[in-house]
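Asks: Just passing along the structure, written as structure tokens.
The values are calculated or read from the model by the stated rules, or taken from the named source; none is laboratory data. The model shown is predicted, which means the values in this text are computed figures rather than measured ones. Backbone-built Cβ (ideal geometry, glycine too); neighbour counts: all protein chains shown. Just so you know, the surface numbers come from the protein's heavy atoms only, side chains and all, with ligands and any DNA or RNA stripped out. Shrake-Rupley method; radii C 1.70, N 1.55, O 1.52, S 1.80 Å.
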Amino acid sequence: MENNDLKKIYDNPLYIRYIDNPSNELILEAVRRNGLAIRYVKNPSKEIKEVAIKNNPLAVEYIDDIDEDNSILAVKLLWNSLKYIKNTSDKVKLEAVKAKGWAIQFIENPTEEMQLNAVNKDYDSIKYIKNPSEEVQLAAIRKYWAAIKFINNPSLEARKEAIKGNEEAINYINFDLDELKILVGENIKVVKYVYDSIDVDFVVNVAIEKVKEEEIDEKYIKDFLELEILEMDKINFIREYGSKKAKMLLVDYKLSR
């Protein structure tokens, strides 16, 4: 009879549901061939759970009493199996977001450690995080500047970080004039996107304060000089208002042309 049942299991693993008191061998063969067959197994052992999950991680949906090791196995194999795991531990949740940041959507009140692991794995997983801390915002944006698109009410530091990553970020940021001064000070190329809505003197005043800085970086000077939309004598501007370092960077720029 056992051999007959085994043949039927080979043909259709879900046949296990029709066998009264199946042997461990029959159960293992069924879940090895189709992990979802575990739904018809009463009180499966840890080994049977593992075999079923290895075949199909979504088998966790039919495992009521699942151990931590098998939960971790499931989320590592298929991140969204987390959705079906009952009573998950923090360790399981952390492993899930390490496998795929989007798994954060299935975690209620995730810890900051979980949030940081999620955005470091997938920057856009921040869209599933309510009220992320500034540290989490910055981690996502440093991964990719466009993460700013998914953040409601990003902090000023987060907005600055996004602007440093790409001036196009200004299109996804709310700001007042005081904040815009700071953002233009981070990346002069922002002016390309706001030029029609601000006064030229506004940009000039920001540029004056910026080129005065003793620690101004080479990129800012280069971007300022190459900003075509800002029509002015930029070389004489730096000569008149620039710090010693700004003037040195100007010379280096001219020599490199």
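Asks: Please work out which option in [x] 0.96; [y] 1.30; [z] 0.92 gives Rg/Rh (Cα atoms, Kirkwood Rh) calculated from these coordinates, and answer with its label.
Replies: [y]
Asks: A further question follows. Could you give the angle, 0 to 90 degrees to the nearest 10, between helix 177-186's Cα long axis and the longest principal axis of the Cα atoms of the chain?
Replies: 80
Asks: In segment 168-186, whose amide N lies under 17 Å from the spot 7 Å out along Cα-to-Cβ of SER197? List them in ranges.
Replies: It comes to 168-185, nothing else.
Asks: Can you list the HN-Hα couplings for segment 231-241, worked out from phi with the Karplus curve (6.51, -1.76, 1.60; θ = phi - 60°), rounded to whole Hz and with x for Gly and Pro?
Replies: Using θ = phi - 60°, the values come out as 8, 6, 7, 5, 5, 5, 4, 5, 4, 7, 10 Hz.
Asks: What is the dipole size for segment 1-150, taken about its Cα centre, with +1 at each Lys and Arg Cβ and -1 at each Asp and Glu Cβ, in debye to the nearest 20? Could the numbers behind the result be given before it?
Replies: Working: 23 positive and 23 negative charges, 118 e Å.
Dipole of segment 1-150, to the nearest 20 debye: 560 debye.
Asks: Once you keep just the Cα pairs under 8 angstrom separated by 6 or more residues, what percentage relative contact order results for segment 168-241? Please report the intermediate quantities before stating the final value.
Replies: Details: 33 pairs, mean separation 22.9, N = 74.
Reported as a whole number, the value is 31 percent.
Asks: Separate question: Can you pick out the pairs among LYS91/LYS130; LYS100/LYS160; LYS86/LYS143; LYS46/LYS121 whose Cα atoms lie more than 24 Å from each other?
Replies: The answer is LYS100/LYS160; LYS86/LYS143; LYS46/LYS121.
Asks: Per DSSP H run of at least 4 residues, take -39500 (n - 2.57); add these up for the chain, divide by its residues and hand me the 222 nm value, nearest 500 deg cm²/dmol. Before the final figure, lay out the partial values.
Replies: Working: 14 runs with 135 residues, N = 257.
Calculated from helices alone, the mean residue ellipticity at 222 nm is -15000 deg cm²/dmol.
Asks: So, with a 1.4 angstrom probe, what is the percent of accessible area on segment 17-110 that is carbon and sulfur? Don't skip to the answer; put the middle values down first.
Replies: Working: 2100 of 5170 Å².
Carbon and sulfur atoms account for 41 percent of the accessible area of segment 17-110.
Asks: Spelling out what I want: for every residue of segment 91-105, take phi, set θ = phi - 60°, compute 6.51 cos²θ - 1.76 cosθ + 1.60 (Karplus), and round to whole Hz; glycine and proline get x.
Replies: So the J values, rounded to whole Hz, are 5, 5, 4, 5, 5, 5, 6, 5, 6, 7, x, 4, 4, 4, 5.
Asks: A further question follows. For the chain, calculate the relative contact order in percent as a whole number, restricting contacts to Cα pairs under 8 Å that are 6 or more residues apart. Write down the numbers at each step before the final one.
Replies: Values: 340 pairs, mean separation 19.5, N = 257.
So the answer I get is 8 percent.
Asks: Determine the distance separating the Cα centre of segment 75-93 from the Cα centre of segment 165-190; give it in Å without decimals.
Replies: Segment 75-93 and segment 165-190 have Cα centres separated by 40 Å.
Asks: Modelled label-to-label distance, ASP20 and GLU47, 7 Å Cα→beta-carbon offset: nm?
Replies: 2.6
Asks: From the backbone phi of segment 118-123, what are the Karplus-calculated ³J(HN,Hα) couplings (6.51 cos²θ - 1.76 cosθ + 1.60, θ = phi - 60°) in whole Hz, Gly and Pro given as x?
Replies: Once θ is set to phi - 60°, the couplings for segment 118-123 become 5, 6, 6, 7, 9, 3 Hz.
Asks: Kindly provide the Kirkwood hydrodynamic radius of segment 82-234 in Å, to one decimal, from all pairs of distinct alpha carbon atoms. Walk me through the intermediate numbers first.
Replies: Details: mean 1/r = 0.0586 Å⁻¹.
Evaluated on segment 82-234, it is 17.1 Å.
Asks: Suppose the Debye formula is applied to equal point scatterers at every Cα of segment 70-167; what is log10 I(q)/I(0) at q = 0.10, 0.14, 0.17 Å⁻¹?
Replies: Log10 I(q)/I(0), no solvent term: -0.26, -0.48, -0.66.
Asks: Could you pull out the pairs from LYS49/LYS93; LYS181/LYS210; LYS93/LYS149; LYS212/LYS254 whose alpha carbons sit more than 22 Å apart here?
Replies: Table pairs above 22 Å Cα-Cα are LYS93/LYS149.
Asks: Mind listing P(r) for segment 71-116? All alpha-carbon pairs, 10 Å bins, whole percents.
Replies: Using 10 Å bins, I get a P(r) of 35, 61, 4 for segment 71-116.
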